[in-house]
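Values quoted throughout were computed directly from the atomic coordinates according to the rules given, and no laboratory measurement underlies them. Bear in mind that the values here come from a model prediction, so they are computed numbers and not experimental data. Here Cβ is always computed from backbone atoms with ideal geometry, including for glycine, and neighbour counts include all displayed protein chains.
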Amino acid sequence: MNLNKAILIGNLTANPEVRKTANGQSVASFTIATNRVWKDQQGQKQEQAEFHSIVAWGKLADIVGQYLAKGRIAMVEGRIQTRNWTDQAGVKHWKTEIVAENVQLGPRGTGPSNGGAPSQEYDQQPTYESTEVSSGPRNQSPIEEEIKVEDIPF
């Protein structure tokens, strides 16, 4: 049995970029920053940031574009995918990204309206909104359909 699963919780580094493919399917691209903190052998605090490229398709892409913004905390669940291409100069490039299957918004009180700073409630007890946005069944392509405000779960 094999498993390709990634779960990230971090802050968006910029607003998502949403565009349409040639066949009209929505695709959203955004980056999430995560960090880790540790003490080195001398007891000095060390920090390291990682930046993760995220891609969402279909209805999930439309919702991400509407509700996520720079500085907002989000949890992304998806699969890791590496793709490659050759540019016009003949140089081969590789990019590893997370293909989002579920996205959850961060705790209330975070995001651009307060500079991305967590609320006091979050500092005391980290909880996430119970809303979850899914791209649909895991092994099927996303289905294009009209988004209605009543259908959005948050």
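Mind listing whichever residues of region 66-110 are charged (D, E, K, R), over 21 Å from ARG19 (Cβ atoms) and free of Cβ contacts under 8 Å to residues at least 12 places away in the same chain?
Scanning region 66-110 gives a single hit, LYS92.
Here are PHE51, PHE30: which of them is within 15 Å of the chain's Cα centre (by Cα) and surrounded by 20 or more Cβ atoms within 10 Å (Cβ to Cβ)? Lay out the reasoning, then the answer.
Details: PHE51 fails: surrounded by 20 or more Cβ atoms within 10 Å (Cβ to Cβ).
From the options PHE51, PHE30, the qualifying one is PHE30.
Output the qualifying pairs, or none if there are none: Cβ atoms under 9 angstrom, residues six or more apart or on different chains, first residue in region 37-61 and under 30 Å from LYS20 (Cα atoms), second residue aliphatic (A, V, I, L, M) and assigned to a helix (DSSP H, G or I).
From residues that are under 30 Å from LYS20 (Cα atoms), the pairs are ILE54/VAL64; VAL55/ALA61; ALA56/ILE63; ALA56/VAL64.
Pull up region 11-25, narrow it to residues that are in contact with a strand residue (DSSP E or B) (Cβ under 7 Å, 6 or more places away or on another chain) and in contact (Cβ under 8 Å) with a residue 60 or more places away in the chain, then point me to the one that is surrounded by the fewest Cβ atoms within 10 Å (Cβ to Cβ).
By that ranking, first place goes to GLN25.
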